[in-house]
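The values are calculated or read from the model by the stated rules, or taken from the named source; none is laboratory data. No experiment lies behind these values; they were computed from the predicted model shown. Cβ sites come from the backbone with ideal geometry, for glycine too, and all protein chains shown count toward neighbours. Heads up: the accessible areas ignore ligands, DNA and RNA and are worked out on the full protein's heavy atoms, side chains in. Shrake-Rupley method; radii C 1.70, N 1.55, O 1.52, S 1.80 Å.
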Amino acid sequence: MKSVKIAVTVGALLISGQALAQKAGQTKAEAQAASAKKFKNLDTDGNGKGSPVELMAFMTKAAEKRGETMDRAKVDRRLKRLDTDGDGNVSAAELAAEDMAKFDKADANKNGVIDADEAAQ
C-alpha cells in the first residue's frame with residue numbers, strides 16, 4: 001500500500017511536468033528547470049535514479065489527479081521509453097531529454113519560447 005501511495009505522487013509530477021513544457025510564455029530555461037524539479041519529485045529516495053517503484057508512484061498520482069487509474073503496463077512502457085541507457089531506472093538526464101524534446105516540438109518557430117499559438121496546439 002505504501003508503494004502505491006508513492007507511485008501516485010510520482011505519476012502526478014511527471015504528468016504535470018509534461019504540461020509545463022507547453023505553457024505559453026515558457027522559455028527553454030524554464031522548461032529545463034521544471035524538468036529538474038520534476039526529477040527531484042520523482043526521485044523520492046534521493047539516490048539520483050528514478051526506480052520503477054518511484055515511477056509507478058509518480059505516474060499513479062498524476063493519473064488520480066486526472067480521475068484516471070494507472071496500470072503497470074503503462075508504467076513499463078514509459079520506463080522503457082525513458083531508460084535510454086538500459087539500467088532499469090530513469091536518470092535526470094533521461095527525463096530532461098524527453099522533456100526538452102517535447103519543448104522543442106512545441107516550439108515550432110524555434111525562438112526558445114512557447115508562444116500562445118504554439119501552446120494552444
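Below is a table of values for the structure above.
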item: Meets criteria (crowded, with 16+ Cβ neighbours inside 10 Å, at pLDDT 95 or above and part of a helix (DSSP H, G or I)) for LEU14; result: no
item: Condition check for LEU95: in contact with a strand residue (DSSP E or B) (Cβ under 6 Å, 6 or more places away or on another chain) and open to solvent by less than 40 Å² (accessible area, probe 1.4 Å); result: no
item: Residue match in region 89-108 (condition: in a loop (DSSP other than H, G, I, E, B), closer than 22 Å to GLN32 by Cβ and more than 15 Å from the chain's Cα centre (by Cα)); result: yes
item: Residues of region 26-47 satisfying the condition of being hydroxyl-bearing (Ser, Thr, Tyr) and part of a loop (DSSP other than H, G, I, E, B); result: THR44
item: Residue selected from region 52-77 under the condition open to solvent by 40 Å² or more (accessible area, probe 1.4 Å) and assigned to a loop (DSSP other than H, G, I, E, B), by the criterion nearest to GLN121 (Cα to Cα); result: ARG66
item: Exclusive hit being at pLDDT 95 or above, under 12 Å from the mean Cα position of the chain (by Cα) and open to solvent by 80 Å² or more (accessible area, probe 1.4 Å), set LYS80, LYS49, LYS40; result: LYS40
item: Pair list, Cβ < 9 Å and 6+ apart or interchain, from region 22-37 residues that are under 13 Å from ALA119 (Cβ atoms) and small (Gly, Ala, Ser) to residues that are assigned to a loop (DSSP other than H, G, I, E, B) and open to solvent by 60 Å² or more (accessible area, probe 1.4 Å); result: ALA24/ALA120; ALA31/LYS23
